[in-house]
Amino acid sequence: MKQLFAPWRLEYILGEQEEGCIFCKKPTQKGQERENLILDSSEKSFVVMNRYPYNPGHLMVVPRRHVSDLTVLDADEMADISRFLQRAVAVLGTVFRPEGFNVGLNLGEAGGAGIRDHLHWHIVPRWLGDTNFLPVFSDTRSIPQALDSTWEALLSGFQSAPKTDASEKSNSDDTAT
């Protein structure tokens, strides 16, 4: 059995936690998209980089509504999220050329949700051999690109990617460039 080790995430787990829900606060802070790592947004959802990535380009698609129960999202919210998931995979494919992806949702604490009170889907680009000896032997993860540089590359990708229904209604013009 293969395992994905992510010991660098201990900083997130043991670090000081912000008050309130970051997924509710971050998208409302206009003009701070870069600091908050937000790449695109619509009325119903948004795309944000994971500050503690498993791999370079690790993104999340998050509904704006604060919910932890997948069954309460309405059809419009689910459609919007699905369009952003498709777009995120397309942009990551163009910008980073991964050999595969992990796309998923962790429901509840037992399901592995780090932020269990607000749903969020993960899109993790993968390359053959991307889990190497560093995390296994030295609890160290090599992320070869700074978050800010990754944000710039992905923002450019989102701005030039073909628009979907979700992104046509997005607030991309509000996103800092």
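Just a few scattered comments:
- Within the option set HIS118, HIS122, being touching a strand residue (DSSP E or B) at 6+ places or on another chain (Cβ under 8 Å), within 14 Å of PHE23 (Cβ to Cβ) and assigned to a loop (DSSP other than H, G, I, E, B) holds for one residue only, HIS118.
- Selection within the range 58-68 - of a type outside the set (Gly, Ala, Ser), touching a residue at least 24 places away in the same chain (Cβ under 8 Å) and either part of a loop (DSSP other than H, G, I, E, B) or in contact with a helix residue (DSSP H, G or I) (Cβ under 6 Å, 6 or more places away or on another chain) (or both): HIS58, LEU59, VAL61, VAL62, PRO63, ARG64, HIS66, VAL67
- Qualifying residue in the range 71-80 (condition: within 21 Å of GLN159 (Cβ to Cβ) and modelled with pLDDT of 95 or more): yes
- Test result for SER42, at pLDDT 90 or above, in contact with a helix residue (DSSP H, G or I) (Cβ under 9 Å, 6 or more places away or on another chain) and of a type in the set (S, T, N, Q): yes
- Count of residues meeting criterion [at pLDDT below 90 and within 15 Å of the chain's Cα centre (by Cα)] in the range 89-114: 2
- Per-region count, the range 89-115, residues part of a helix (DSSP H, G or I) and under 16 Å from TYR54 (Cα atoms): 3
- Residue in the range 96-103 that is aliphatic (A, V, I, L, M), closer than 20 Å to THR150 by Cβ and touching a residue at least 12 places away in the same chain (Cβ under 8 Å) present: yes
- In the range 115-173, the qualifying residues are those that are at pLDDT below 50 and among the acidic types (Asp, Glu), and the one that is surrounded by the most Cβ atoms within 10 Å (Cβ to Cβ) is ASP139.
- Listed by first and then second residue, the pairs with beta-carbon distance under 9 Å, at least 6 apart or on different chains, first residue in the range 28-55 and on the phi > 0 side of the Ramachandran plot, second small (Gly, Ala, Ser) and surrounded by fewer than 22 Cβ atoms within 10 Å (Cβ to Cβ), are GLY31/ALA176.
- Scanning the range 65-88 for residues that are charged (D, E, K, R) and surrounded by 13 or more Cβ atoms within 10 Å (Cβ to Cβ), we see that the one that is nearest to the chain's Cα centre (by Cα) is ARG87.
- Residue satisfying all of: in the range 45-57; crowded, with 20+ Cβ neighbours inside 10 Å and not in a strand (DSSP E or B); modelled with the lowest pLDDT among these: TYR54
The values are calculated or read from the model by the stated rules, or taken from the named source; none is laboratory data. Just so it is clear, the structure is predicted and the values come from calculations on it, not from any experiment. Glycine gets a Cβ as well: all are built from the backbone with ideal geometry, and neighbour counts include every protein chain shown.
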